[in-house]
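The values are calculated or read from the model by the stated rules, or taken from the named source; none is laboratory data. Note that the structure is predicted; figures quoted are calculated from it, not measured. Glycine also receives a Cβ, built like all others from the backbone with ideal geometry; neighbour counts cover every protein chain displayed. Side chains included, ligands, DNA and RNA excluded: accessible areas come from the protein's heavy atoms. Shrake-Rupley method; radii C 1.70, N 1.55, O 1.52, S 1.80 Å.
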Amino acid sequence: MRIVIVGSGNVATVLGRRIKKTNHQIIQVISRQIEHAKELANELECGFADFSGKQEEADLYLFAVTDGALLDMDKIFKLGDKLAIHTAGSVSKDLLQNISSNYGVLYPLQSLQKKLEEIKEIPFVVDGNNEATTLQIENFAKELDPVVSRGGDDARLKIHVAAVFINNFTNHLYLQAEDFCNKENLDFNLLKPLMMETAHRILTHSPKDVLTGPAVRNDVFTLEKHLRLLTNHPKQKYLYLKLTDSIINK
């Protein structure tokens with residue numbers, strides 16, 4: 001297929017690199033800022049334009065833009081029956097219905113950053129406005145990664161919520177631990193083997209089976225010592241209290 005990528009950020013870049021390794025041809029990158037479009041197009045060896053420029057004729061238009069930007073795409077693109085897909089987890093596929101009669105979603109269930117040289121696994125959740133379109137998107141996704149699952153708007157929104165818990169919130173806790181270590185003159189790197197070991201265990205066990213710590217043991221003595229220590233760290237103390245309460249209630 002001849003493909004146009006709309007967007008030039010992390011998702012557009014990472015997926016563009018994957019597509020470039022297939023037999024499909026990326027012919028153009030379109031972005032709001034022409035310099036960003038040019039930068040990605042140079043890497044992908046294709047043409048480029050901004051939103052006011054000429055749109056190349058393609059078989060597939062991949063909208064890898066922010067959720068907010070998707071709201072305006074029907075003012076810029078009228079694609080007839082050409083396949084149009086977006087990459088958002090929490091946005092309905094029907095946002096593209098005024099752009100094309102064939103549309104759907106290719107949601108990468110992964111944290112994508114273009115500065116990383118390689119991201120080994122990118123599972124995809126796909127959907128389309130009819131069976132033929134869904135199958136086409138599904139087959140395309142399997143060329144990018146073997147792990148592909150179908151999921152409608154409700155399912156994608158739910159898995160997106162779960163992803164926020166395991167990725168964004170967990171990373172925020174790493175940040176809080178790093179901040180605490182820095183203020184207390186501790187080496188945050190000492191915690192990294194623990195982080196990796198816990199993540200490794202989750203691959204083969206339910207989280208409930210590997211949960212440890214004073215809250216699980218109802219170790220009130222240790223909990224009180226921790227809370228006294230966190231008196232001068234109100235943000236971390238608040239999170240500690242809330243999470244401890246959640247674990248005990250669970």
Options MET73, TYR61, PHE48, ranked by Cα towards positive dipole end of the stretch 43-185, top entry (Cβ charges): MET73
Counting each DSSP H run of 4 or more residues in the chain as -39500 (n - 2.57), what helix-only mean residue ellipticity at 222 nm follows after dividing by all residues, to the nearest 500 deg cm²/dmol? -13000 deg cm²/dmol
Carbon plus sulfur fraction of accessible area for the stretch 1-145, probe 1.4 Å, in percent: 44 percent
Straight-line reach check, LYS75, cutoff 27 Å on alpha carbons, 8 or more apart in-chain or any other chain, hits among lysines -> LYS38, LYS54, LYS93
Set of lysines with alpha-carbon distance to LYS237 below 18 Å, sequence-local pairs under 8 removed: LYS183, LYS225
Karplus (6.51, -1.76, 1.60) ³J(HN,Hα), θ = phi - 60°, over the stretch 147-155, in Hz, Gly and Pro reported as x: 8, 9, 9, 7, x, x, 4, 5, 5
Degrees between helix 234-249 axis and first principal axis of the chain (Cα, 0 to 90, nearest 10): 90 degrees
Amide H proximity to ARG150 below 5 Å, modelled H, separation 5+ or other chain, gives VAL126
Phi-based couplings in Hz for the stretch 7-18 (Karplus 6.51, -1.76, 1.60; Gly and Pro marked x): x, 9, x, 4, 5, 4, 5, 5, 5, x, 5, 5
Treating the angle as unsigned and between 0 and 90°, give the value, to the nearest 10°, between the Cα long axis of helix 131-144 and the longest Cα principal axis of the chain. 70 degrees
Please go through the residue pairs LYS192/LYS250; LYS114/LYS158; LYS21/LYS120 and name each one whose alpha carbons sit more than 24 Å apart in this structure. LYS192/LYS250; LYS114/LYS158
In whole Hz and in residue order, list the ³J(HN,Hα) couplings for the stretch 216-222 that follow from phi through the Karplus curve 6.51 cos²θ - 1.76 cosθ + 1.60, θ = phi - 60°; x for Gly and Pro. 5, 7, 6, 7, 4, 4, 5
With all protein chains present, calculate the accessible area of PHE165 using a 1.4 Å probe and round the result to the nearest 10 Å². 120 Å²
Rounded if a/c is under 1.5, else prolate if a/b beats b/c, else oblate: with a ≥ b ≥ c from the C-alpha gyration tensor eigenvalues square-rooted, which is the stretch 95-250? prolate
What whole-number value in Å² describes the accessible area per residue of the chain for a 1.4 Å probe? 60 Å²
